[in-house]
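*Asks:* Sending over a structure as structure tokens; questions will come in a sec.
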Amino acid sequence: MNAERRWRRFARGGTRRDLFVTLAPLLLAIAVGVWALFHFVRPGAPRTVTISTGPEGSTFQRFAERYTKELARNGVTLRLRPSNGSFENLRRLADPKADVDVGFVQVGVKLADPAPGEARRPLASLGTIGRQPLYVLVRSPAPDRLSALAGKKIVVGPEGSGTRVLATRLLDANGVKPGGDTSFLELDDEKVGDALASGRIDAAFLMGDSASPRVIRAIIERPGIAVLQLAQLDAYLRRFQDLGKVVLPMGAFDFAKNLPAQDLNLVGSSVELVARADLHPAISDLLLETMREVHGRPTLLARAGEFPLAIEHDVPLSADARRYYQSGKRWLYRMLPFWAASLADRFLMVLLPLVILLVPVFRLMPTIYRWRIR
């Protein structure tokens with residue numbers, strides 16, 4: 001009854017001009033409020049996301065292909081942009097002009113300090129998705145120290161790869177640098193086996209960010225080629241805190257042939273999925289769910305459920321990722337399909353502030369109108 005009487009008094013007396021003059025400022029305020037909400041509130045989740053991967057056939061490329069299938073089930077298209085590996089992925093992500101949203105990056109891969117006036121996009125990590133072992137392939141008999149590679153022809157991975165970054169770090173720690181008889185080479189992973197067997201190269205550093213696991217296994221199985229195992233492995237792990245020990249068990253490749261013939265104790269690097277800091281929360285949740293589906297399964301290098309991990313390395317973990325690891329998906333996305341939840345989320349983000357704005361406005365309208373009539 002109070003509301004009915006208020007509206008009766010509101011309609012009593014006055015002219016259309018009085019009504020217009022009274023309502024105009026209020027309507028203008030509402031219009032400005034609605035514009036501000038749509039301008040500043042985060043837009044709806046995009047239907048297309050771009051990921052920077054790795055060379056064709058690499059582990060990173062295979063991960064991205066599996067992501068594509070998972071995201072497609074929720075109506076999101078994942079565009080794959082091949083690269084040379086982790087360093088190029090990180091460079092693309094940091095470039096404000098590059099059309100890349102996420103990418104695989106090895107821990108320890110960093111960009112040089114920006115030049116004066118150079119703009120860089122802020123980045124955030126969605127978590128660690130696994131480990132990549134570093135294979136140092138040589139002709140038998142294999143040395144047990146990297147310092148033995150001085151004066152040799154060494155394949156260190158393509159420019160822009162995490163393989164090259166890690167290989168040059170480790171070789172530099174042993175005083176092995178290009179120059180004189182020592183050569184750092186770049187060679188397609190498909191040609192490494194033949195080059196080693198023929199003696200055209202003496203050693204090759206291969207990792208999943210820039211080489212195919214199929215090719216790496218085929219090279220290890222070749223007679224006369226061995227994997228260099230570091231006698232000083234523990235010392236490397238102490239010196240380089242971002243690295244870890246990866247054990248490939250005896251017979252992991254083939255039980256019948258017993259390949260490898262012994263446990264391979266290798267140095268390895270963790271891999272993160274890095275994203276633009278402004279990645280939409282709904283896409284972040286969808287990617288994190290995909291990461292659990294793809295990387296949570298048991299493999300030769302990880303137990304079931306071991307990855308992904310909410311570990312912070314060089315790139316800070318995003319707030320959305322922290323929330324997801326603690327409490328899972330937001331309730332709307334647990335209850336509804338992705339497209340419906342995204343629409344409802346957007347609607348609620350606009351509707352609730354709008355209702356809060358309109359309630360006091362409509363309560364004031366009769367009072368302002370009566371004041372003007374008097």
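The values are calculated or read from the model by the stated rules, or taken from the named source; none is laboratory data. Just so we're clear, the structure is a prediction, and the values are computed from it rather than from any experiment. Don't worry about glycine lacking a Cβ; one is built from the backbone with ideal geometry, like all the others, and counts go over all protein chains shown. In case anyone asks, the SASA skips ligands and DNA or RNA and just uses the protein heavy atoms, side chains included. Shrake-Rupley method; radii C 1.70, N 1.55, O 1.52, S 1.80 Å.
*Asks:* Any residue that is within 22 Å of D101 (Cβ to Cβ), part of a loop (DSSP other than H, G, I, E, B) and modelled with pLDDT of 90 or more - is there at least one of those in the range 319-329?
*Replies:* No: the range 319-329 contains no residue that is within 22 Å of D101 (Cβ to Cβ), part of a loop (DSSP other than H, G, I, E, B) and modelled with pLDDT of 90 or more.
*Asks:* Would you call L243 under 30 Å from A98 (Cα atoms) and open to solvent by less than 40 Å² (accessible area, probe 1.4 Å)?
*Replies:* Criteria met by L243.
*Asks:* Does S183 count as modelled with pLDDT of 95 or more and among the hydroxyl-bearing types (S, T, Y)?
*Replies:* yes
*Asks:* Separate question: As an exercise: evaluate L171 against (1) aliphatic (A, V, I, L, M); (2) in contact (Cβ under 8 Å) with a residue 60 or more places away in the chain; (3) in a helix (DSSP H, G or I); (4) open to solvent by less than 20 Å² (accessible area, probe 1.4 Å) and give the number of the one condition it does not meet.
*Replies:* Of the numbered conditions (1) aliphatic (A, V, I, L, M); (2) in contact (Cβ under 8 Å) with a residue 60 or more places away in the chain; (3) in a helix (DSSP H, G or I); (4) open to solvent by less than 20 Å² (accessible area, probe 1.4 Å), the odd one out for L171 is (2).
*Asks:* Taking the residues in the range 72-97 that are farther than 20 Å from T290 by Cβ and open to solvent by less than 20 Å² (accessible area, probe 1.4 Å) as candidates, determine which candidate is nearest to the chain's Cα centre (by Cα).
*Replies:* Among residues in the range 72-97 that are farther than 20 Å from T290 by Cβ and open to solvent by less than 20 Å² (accessible area, probe 1.4 Å), the one nearest to the chain's Cα centre (by Cα) is L90.
*Asks:* Got at least one residue in the range 120-135 being among the charged types (D, E, K, R), touching a strand residue (DSSP E or B) at 6+ places or on another chain (Cβ under 7 Å) and touching a residue at least 40 places away in the same chain (Cβ under 8 Å)?
*Replies:* Yes.
*Asks:* Go through (1) more than 25 Å from the chain's Cα centre (by Cα); (2) outside any strand (DSSP E or B) one by one and return the number of the condition N265 breaks.
*Replies:* Result: N265 passes all but (2).
*Asks:* Shifting gears a bit: What pairs come out if I take residues in the range 56-77 that are on the phi > 0 side of the Ramachandran plot and pair them with residues that are open to solvent by less than 80 Å² (accessible area, probe 1.4 Å) whose C-beta lies under 6 Å away, six or more apart or interchain?
*Replies:* Once the first residue is on the phi > 0 side of the Ramachandran plot and sits in the range 56-77, its partners that are open to solvent by less than 80 Å² (accessible area, probe 1.4 Å) give G57/S212.
*Asks:* Go over the candidates T53, T128, T59, T68 one by one and state the one that is among the hydroxyl-bearing types (S, T, Y) and surrounded by fewer than 19 Cβ atoms within 10 Å (Cβ to Cβ).
*Replies:* None of the others qualify; the one that does is T68.
*Asks:* Right, here's the next one. Considering only residues of the range 174-186 that are in a loop (DSSP other than H, G, I, E, B) and open to solvent by 50 Å² or more (accessible area, probe 1.4 Å), which is nearest to N84 (Cα to Cα)?
*Replies:* E186
*Asks:* Given the criterion within 14 Å of L149 (Cα to Cα) and open to solvent by less than 30 Å² (accessible area, probe 1.4 Å), identify the matching residue among A195, A211, A203.
*Replies:* Within the list A195, A211, A203, the selection yields A203.
Yes/no per residue for (1) in a loop (DSSP other than H, G, I, E, B); (2) β-branched (V, I, T); (3) over 24 Å from D254 (Cβ atoms):
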position: V192; (1), (2), (3): no, yes, no
position: D209; (1), (2), (3): yes, no, yes
position: R217; (1), (2), (3): no, no, no
position: A231; (1), (2), (3): yes, no, yes
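*Asks:* Does any residue of the range 132-140 turn out to be hydrophobic (A, V, I, L, M, F, W, C), in a loop (DSSP other than H, G, I, E, B) and closer than 19 Å to V315 by Cα?
*Replies:* No, that holds for no residue.
*Asks:* Of all residues in the range 214-228, how many are more than 29 Å from G103 (Cα to Cα), out of contact with any Pro (no Cβ under 8 Å at 6 or more places or on another chain) and open to solvent by 20 Å² or more (accessible area, probe 1.4 Å)?
*Replies:* 4
*Asks:* Could I ask something else about it? Over 25 Å from P82 (Cβ atoms), without any contact (Cβ under 8 Å) to a residue 12 or more places away in the chain and open to solvent by 50 Å² or more (accessible area, probe 1.4 Å): which single residue out of D144, D113 fits that description?
*Replies:* D113
*Asks:* For the range 123-131, indicate whether the set of residues that are touching a Phe, Trp or Tyr at 6+ places or on another chain (Cβ under 6 Å) and in a strand (DSSP E or B) is non-empty.
*Replies:* Yes, the range 123-131 has at least one match.
Residues checked against (1) under 30 Å from A64 (Cβ atoms); (2) in a loop (DSSP other than H, G, I, E, B); (3) modelled with pLDDT of 95 or more:
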{"site": "V105", "(1), (2), (3)": "yes, no, yes"}
{"site": "D113", "(1), (2), (3)": "yes, yes, no"}
{"site": "P116", "(1), (2), (3)": "no, yes, no"}
{"site": "G160", "(1), (2), (3)": "yes, yes, no"}
